[in-house]
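Quick note: the coordinates plus some simple rules give every number you see, no bench work behind them. Small disclaimer: the values here were computed from a predicted structure and weren't measured. Don't worry about glycine lacking a Cβ; one is built from the backbone with ideal geometry, like all the others, and counts go over all protein chains shown.
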Amino acid sequence: MKQKFQAVRAVVALCAGISVCAAISMGANADATTTNKWIEEFQPSSLTSAEQTKEINWFIKAAQPFKGMEIKVVSETIGTHEYESKVLAKAFAELTGITVIHDLIGEGDVVEKLQTQMQSGQNIYDAYINDSDLIGTHWRYQQARNLTDWMAGTGKDVTNPDLDLEDFIGTDFTTGPDGKLYQLPDQQFANLYWFRYDWFTDPTIMADFKNKYGYELGVPVNWSAYEDIAEFFTGKEINGKKVYGHMDYGKKDPSLGWRFTDAWMSMAGMGDKGEPNGLPVDEWGIRVNENSQPTASCMARGGATNSPAAVYAVQKYVDWLEKYAPPAAAGMVFSEAGPVPAQGNIAQQIFWYTTFTPDMVKEGIPVVNSDGSPKWRMAPSPHGAYWENGTKIGYQDAGAWTLMKSTPDDRAKAAWLYAQFVVSKTVDVKKSHIGLTFIRDSSINHPSFTERAPKLGGLVEFYRSPARVRWSPTGTNIPDYPKLAQLWWQNIGDASSGSKSAQEALDSLCKAQEKLLRRLERSKVQKEFGPKLNKVKSADYWLGQPGAPKPKMADEKPAPVTVSYDELIKSWQ
């Protein structure tokens, strides 16, 4: 017993200075009592208790060669990963004898650590949960382990026979153009439209809106309707509170870049048709050729980053932030702005991540009824004037386990066991109830979520509907996500602050992207799939070609369209 307490003190000392970590190690094999204790924690589950026991016993046996090892993994700080760090890492350690330090840090810091490991070859972490937005990076650089080959080869002895990849809903997002799986989804959340259902269905408010605008108040199908609704609600007083018709954030910060690369431009209609991502021009405005080689960002080479549709997208963002959002929003970052609608004075939000759902369903907050049902709902995002059927309509974040080749095999194997444990069917339904970031079809369709659905504002209905496949992460057009993503917040921040016009900021952005693409082309580090820039022709030449970049529309505010939320839900069912 004394030795065990000494080990725990050593772990606590090791954790000192780490942002968040879970480090628990047990010196003996898990017995039936320990297994049963954790099975009780992992309820509800899509598996029976006997099936959970069988899966846990597989992990115990497979982990034997690594017993006593300490591994380090990292993820961004969201509720799902907090549960993994605080609970699942402890469970895994007690069951297998492998100590897990699961760091929780900012998303930008995760990317920075990954980038450092790629550049230095030094093993910083044994596994990363990083966004599938890096799939184009991992496929081209070939520094991440190809999981398809890993599971069939070196990692076969530590690959769960009951992993059931077919049950995962996001593996299309983590598969390269070569058909190989590079990342294993751990959590997913979509970027949807959020609104106050109670206000939108209030007869007096509905009548006032129709009297002013001539059409029914409802879920906006396009940006024209969203803008009218934002104008209508801003400045109103409801239940003694001043109301705003829009919520967003504008501080020059890495999260401002995600605000745009997370499909805002495709929502506006900047890119080409194509799902899950536009081809040949995607939602970053980057064009690729038939070999998936990036060829342009600026219009003069055939890109769309500085096109009229992109300018329209940025200008609408700037205008709405200034006119319809709370004054403090302009100085906020993503994490600060996310909880604001729960305070009760926001009518709608066009760019809202479902990862904030747990914060929106807490008892006693202004946006939840006394019976626990939400006063709000989520719905598909409205689209901009340049959008056409077949164009990507929204973003879905897919944080996924990634093993780097620079990690020694034994450490990668131990980390792979932990990765599979936290996404296993044994734990996934319970984890999904904690974080509401679905990754498995069996969890989404579990009876416990049918029961809980009325209190989640449309989240379950969305993830059970065919609509979910139309929301997707950044695709394979992006050859180096860490480097290119930095350019977005730095340049878009100039438009957000007013120091540059939308056109000026996007001209600078596309040139910066092409400068980086040129550097990658010259370095040859990405071999035959790296950039190969087109020769400069002219913007007019490319604007005259089919697809993106698209010429400026004479009227960028087409007729507004709304739809009844209840009818929309029926169409999903």
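Per DSSP H run of at least 4 residues, take -39500 (n - 2.57); add these up for the chain, divide by its residues and hand me the 222 nm value, nearest 500 deg cm²/dmol.
Theoretical 222 nm ellipticity from helices: -12000 deg cm²/dmol.
Hey, what did region 476-564 get for relative contact order, percent, Cα under 8 Å, at least 6 apart?
17
Using +1 at the Cβ of each Lys and Arg and -1 at the Cβ of each Asp and Glu in the chain, identify which of Ala485, Gly269, Pro558 lies farthest towards the dipole's positive end.
Going by the charge dipole, the pick is Ala485.
Binning at 10 Å from 0, report for region 318-475 what percent of all alpha-carbon pair distances ends up in each bin.
8, 30, 33, 21, 8, 1
From the P(r) of the chain, could you give the percentage of C-alpha pairs in the tail past 31 Å? Numbers along the way, then the final one.
Values: 80881 of 163878 pairs.
Cα-Cα pairs in the chain separated by more than 31 Å: 49 percent.
Step through the residues of region 450-463 one at a time and calculate ³J(HN,Hα) from phi using the Karplus curve (6.51 cos²θ - 1.76 cosθ + 1.60, θ = phi - 60°), rounding each to whole Hz and writing x for Gly and Pro.
For region 450-463, the Karplus curve yields 5, 5, 8, 3, x, 9, 10, x, x, 4, 5, 4, 4, 6 Hz.
Give me the distance in nm between label points sitting 7 Å out from Cα along the Cα-to-Cβ direction at Asn57 and Asn239, one decimal.
5.3
Using a 7 Å offset from Cα along Cα-Cβ at Asp178, what residues in region 270-306 end up with backbone N under 18 Å from the label point?
Residues passing the 18 Å test: 291-294.
Only Cα pairs under 8 Å and at least 6 apart count here; give the relative contact order of the chain as a rounded whole percent. Intermediate results must be reported in sequence, preceding the final value.
Working: 1182 pairs, mean separation 136.8, N = 573.
Relative contact order for the chain comes out at 24 percent.
If you wrap a convex hull around the alpha carbons of region 157-295, what volume per residue comes out, as a whole number of Å³? Mind showing how you got there, number by number?
On the way: hull volume 28.5 nm³, N = 139.
With only Cα atoms used, region 157-295 gives 205 Å³ per residue.
Sketch the reach of a paramagnetic label on Gln545 as a point 7 Å from Cα along Cα-to-Cβ, and name the residues of region 503-539 whose backbone nitrogen lies under 16 Å away.
Once the point is set 7 Å along Cα→Cβ of Gln545, 532-539 turn out to lie under 16 Å by backbone N, inside region 503-539.
Can you list, largest first and rounded to whole Å, the semi-axes you get for region 339-430 by taking the square root of 5 times each eigenvalue of its Cα gyration tensor?
36, 23, 11
Could you give the size of the charge dipole of the chain about its Cα centre, using +1 on the Cβ of each K and R and -1 on the Cβ of each D and E, expressed in debye and rounded to the nearest 20?
Values: 61 positive and 68 negative charges, 234 e Å.
Approximately 1120 debye in magnitude.
Out of all DSSP beta bridges with both ends in the chain, state the antiparallel percent to the nearest 5.
70
Take the residue pairs Lys90/Lys362; Lys67/Lys524; Lys316/Lys431; Lys430/Lys483; Lys113/Lys515 and return only those whose Cα atoms are more than 32 Å apart.
Details: Lys90/Lys362 26 Å; Lys67/Lys524 42 Å; Lys316/Lys431 37 Å; Lys430/Lys483 36 Å; Lys113/Lys515 24 Å.
With Cα atoms farther than 32 Å apart: Lys67/Lys524; Lys316/Lys431; Lys430/Lys483.
For region 438-573, treating each Cα as an identical point scatterer without solvent, what Debye log10 I(q)/I(0) comes out at q = 0.12, 0.18 1/Å?
Rounded to two decimals, the profile gives -0.86, -1.10.
When 1/r is averaged over all different Cα pairs and the result inverted, which Kirkwood radius in Å belongs to region 50-186?
Hydrodynamic radius (Kirkwood, Cα pairs) of region 50-186 is 16.2 Å.
In straight Cα distance, which aspartates and glutamates are under 13 Å from Lys375, not counting same-chain residues fewer than 8 positions off?
Counting by Cα, and skipping residues close in sequence, Lys375 has these aspartates and glutamates nearby: Asp198, Asp202, Glu363.
Tell me the angle of helix 502-523 to the major Cα principal axis of the chain, expressed in degrees between 0 and 90 and rounded to the nearest ten.
40
Any aspartates and glutamates with Cα under 12 Å of the Lys37 Cα? List them, leaving off those in the same chain fewer than 8 positions away.
Lys37 reaches Glu94.
Mind listing P(r) for region 192-243? All alpha-carbon pairs, 5 Å bins, whole percents.
Going out from 0 Å in 5 Å bins, region 192-243 shows 4, 19, 33, 30, 11, 3, 0 percent.
How large is ³J(HN,Hα) for each residue in region 335-345, as worked out from phi by the Karplus curve 6.51 cos²θ - 1.76 cosθ + 1.60 (θ = phi - 60°), to whole Hz, x for Gly and Pro?
5, 6, 6, x, x, 4, x, 5, 6, x, 10
Plugging the Kirkwood radius over Cα pairs into Stokes-Einstein for region 520-573, at a temperature of 20 °C and a viscosity of 1.002 mPa s, what D comes out in µm²/s?
Once the numbers are plugged in, D ends up at 131 µm²/s.
At Glu166 and Ala207, where each label point lies 7 Å from the Cα along Cα→Cβ, what is the point-to-point distance in nanometres?
With each label point 7 Å from Cα toward Cβ, the separation is 5.6 nm.
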